[in-house]
Amino acid sequence: MTAPAVALTGRRHLSAGEIEMVVSAHERFLSGKPGGRRANLRFIDLTGVDLSGRDLSDADLSSSILDGAKLAGCKLERANLFGSDLRKADLRRANLRRADLRGCCLRGADLTEADLTQADFRIGQIAVPHPSKGLSSLVHHARPGQLDHAVFTGASLDGSQFNEASMFAVDLTDCSLRGAKLSRANLKEACLEGAILDGADVGGANLENANLTDAILTGVDLGTARISGANLSGSMAAPSAAAIARAEDVFSMAEANQAWCRGQPGRPAKLDGEDLRPLDQRLRGFRLSAMSARGACFVGMDLSGVHLQGANLEGADLRGVVLAGADLRGAKLAGANLTKADLREAVLGPLPLGADRSAPGSLEHARLRYALATGADLSGAVLDGADLRGCDFTGANMRGVSLRDTDPTVAIGLPG
């Protein structure tokens with residue numbers, strides 16, 4: 001059962017001109033310009049308002065009605081949306097980091113690719129104006145966050161608090177929920193396919209008939225959750241005891257690879273099919289050129305600044321991996337899963353092999369869903385057949401890239 005809705009009535013209406021004055025003054029306030037003033041939009045009826053792309057960081061919109069509002073790309077970082085009604089609102093790619101959403105209603109809202117890191121969806125005491133006396137006589141109701149049927153596909157929800165929230169049939173496909181608090185939340189029939197739930201708290205949560213296919217459940221205790229009918233096929237738990245026991249041997253092979261790269265005794269590592277997660281951050285900045293790690297598991301690892309020129313990572317699981325600033329020239333990543341990977345400033349261009357010869361970076365049929373490739377160098381790379389849904393290529397060097405059999409319109413920063 002979903003929580004009953006509490007109607008928000010008695011709200012004040014503002015004209016389009018008044019709303020523009022308030023928002024413009026707030027943006028001047030944020031930039032330190034004269035005439036700036038923090039927005040106070042409490043207890044306002046903003047049904048259907050269009051504030052797409054505007055900056056309302058730190059604004060107060062508590063207990064207001066934003067039913068069907070257009071807020072795509074809106075900056076609402078640390079905004080106070082306590083007890084607000086945002087049902088069916090368009091919040092695609094909005095910034096709601098550390099926003100106060102306690103007692104908020106987001107039923108049917110679209111939050112695709114939104115950033116809700118450390119947002120708060122816990123129970124809130126909602127003030128409801130008296131039907132005839134209005135705001136002069138308020139009645140308070142306890143209301144949990146209401147997110148039934150909301151769409152969060154590809155969103156970032158790390159560290160967010162959903163304790164006791166109503167999330168019936170919510171779509172959390174490919175979301176990052178690291179360390180999220182979901183205790184006693186109602187996630188019945190929710191879609192968590194491919195979601196990254198490292199360290200999430202699901203104690204007492206209702207996950208009946210939920211879809212957790214290919215979800216990452218490292219450090220997640222399902223012991224007290226209700227999981228009757230849940231689909232856990234392909235889900236990934238913590239590294240096995242065997243993988244942990246092999247960690248030092250695997251690290252020794254990586255060290256030998258690094259020595260070889262430096263002209264010292266050693267050789268390229270052969271790590272095909274290995275689970276490298278027990279190494280955590282130990283490979284940051286390593287020189288691993290020509291390494292072979294086909295089908296290996298790197299999920300959630302920090303490989304920032306690593307050197308992987310000419311490495312073979314075909315079919316590797318690189319979901320949520322940090323490859324910021326990595327050198328991947330000429331690397332083979334065909335069929336690899338890079339969903340939610342951090343590729344900022346990474347270099348995936350051609351690797352010189354001699355006079356007039358080079359090897360391009362290969363990402364054929366790779367999965368780059370919701371990856372962050374801003375400022376990356378993909379010049380000459382082959383992305384034929386790759387899944388680019390939600391991948392952000394803003395500011396990336398795409399000169400000479402091959403995009404056959406791909407749909408560039410589903411990515412960010414690519415011409416259609």
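The values are calculated or read from the model by the stated rules, or taken from the named source; none is laboratory data. The model shown is predicted, which means the values in this text are computed figures rather than measured ones. A quick note on method: Cβ atoms are made from the backbone with ideal geometry, for glycine too, and the neighbour counts reach across all protein chains shown.
Picking from residues in the range 80-115 that are touching a Cys at 6+ places or on another chain (Cβ under 8 Å) and assigned to a loop (DSSP other than H, G, I, E, B), the one that is surrounded by the most Cβ atoms within 10 Å (Cβ to Cβ) is 84.
Remark: residue 339 falls outside the filter, which requires a residue to be in contact with a strand residue (DSSP E or B) (Cβ under 8 Å, 6 or more places away or on another chain), surrounded by fewer than 24 Cβ atoms within 10 Å (Cβ to Cβ) and closer than 24 Å to residue 114 by Cβ.
Applying the set (1) charged (D, E, K, R); (2) surrounded by fewer than 21 Cβ atoms within 10 Å (Cβ to Cβ); (3) at negative phi; (4) assigned to a loop (DSSP other than H, G, I, E, B) to residue 248 leaves exactly one unmet item: (4). Taken over the range 169-228, the criterion of being in contact (Cβ under 8 Å) with a residue 40 or more places away in the chain, assigned to a loop (DSSP other than H, G, I, E, B) and either more than 17 Å from residue 158 (Cβ to Cβ) or of a type outside the set (D, E, K, R) (or both) is satisfied by 194, 218. One residue stands out in the range 85-111 among those that are modelled with pLDDT of 95 or more and in contact with a Ser or Thr (Cβ under 6 Å, 6 or more places away or on another chain): the one that is nearest to residue 30 (Cα to Cα), namely 97.
Of the candidates 384, 317, 327, 275, the single residue that is surrounded by fewer than 21 Cβ atoms within 10 Å (Cβ to Cβ) and among the charged types (D, E, K, R) is 384.
If I go through the range 130-156 residue by residue, how many of them are charged (D, E, K, R) and at pLDDT 75 or above? Counting residues in the range 130-156 that are charged (D, E, K, R) and at pLDDT 75 or above gives 1.
With the condition kept exactly as written, say whether any residue in the range 381-394 is touching a residue at least 24 places away in the same chain (Cβ under 8 Å) and of a type in the set (Phe, Trp, Tyr). No: zero hits. Within the range 400-415, the only residue that satisfies the criterion of being surrounded by 16 or more Cβ atoms within 10 Å (Cβ to Cβ), of a type in the set (S, T, N, Q) and either in contact with an Asp or Glu (Cβ under 6 Å, 6 or more places away or on another chain) or over 13 Å from residue 384 (Cβ atoms) (or both) is 402.
For the range 356-379, the set of residues classified as modelled with pLDDT under 95 and surrounded by fewer than 20 Cβ atoms within 10 Å (Cβ to Cβ) consists of 356, 357, 358, 359, listed by residue number.
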